[in-house]
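Values in this text are rule-based calculations from the coordinates and carry no lab data. Keep in mind that what you see is a predicted model, and the values were worked out from it rather than measured.
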Amino acid sequence: MKSITQAGVLIGAAAVLAIPAAGQKKNKDEVSESITNAKYVYVEAYDGPEWNPRLTGEDRKAIADVERAVRSWGRYQLVLRRSEAEVVLQVRKGRIADARVGGGVSVEQVPTHVEFPPTTTTQTTAHGDAGAEVGPPEDLLFVYMVGADGGLNARLWQRTQKDGLNAPDLKLFQRFKDDVNKSAEAQAKRKAASGGASPAGARANAGPTGGTGSAPNPNPAAPNPPGAN
């Protein structure tokens, strides 16, 4: 029984890591201009938003830690709802299996599959709310664009790393930050060479108070966040 459970867990973990990021460039360090030009960001867990009762304490802490890092960076403005964002940073603390309240880990409670894009619920064959969550043992950080309907669209950046979301280092977030800054600089140089303007490059080194005034929300389907007008 135990060996069957372990096999199911490993298959679920492999499914998470095997799906390539949509639209990912051949140069893994090159970040899309959709990300470097974005302004509004929302942070959530792989299993849902911070207020989702199914989230683990570790995932909630990872959300809070990444939000603090975003504020400190100053490149993006945090919003309260995904529908207001252009970019979603999705986090997950590594774990092979995590028992839900009301039940233990068993063959009958292993999720039937792992969905991409991830949903806010985990499908199981168990009764009621009890279940077990499977996934990679490494921490992960996924970066998505937000669609006009507020749902997750293309996944443009992804990395996994053991303890990569541990504070204060937040190594996964630091890798994302470095990739964005380097890509924005490279994109600005290319535009300058071709005679084009580069708002992304101008904002690459801006601090929390950089610039004057507040730009309108670039996502026309989303309302401007409080204070953005």
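Annotations
- Cross-link pairs beyond the 31 Å C-alpha cut-off, checked among 162/189; 61/189; 39/191; 162/182; 39/61: 162/189; 61/189
- Karplus 3J(HN,Hα) series, Hz, for the range 150-161 with 6.51 cos²θ - 1.76 cosθ + 1.60 (x for Gly, Pro): x, x, 5, 10, 5, 8, 9, 8, 7, 8, 10, 6
- Phi-based couplings in Hz for the range 171-182 (Karplus 6.51, -1.76, 1.60; Gly and Pro marked x): 4, 5, 5, 5, 5, 4, 4, 4, 4, 5, 5, 5
- Per-bin percent of Cα-Cα distances, the range 38-83 [10 Å]: 28, 53, 19, 0
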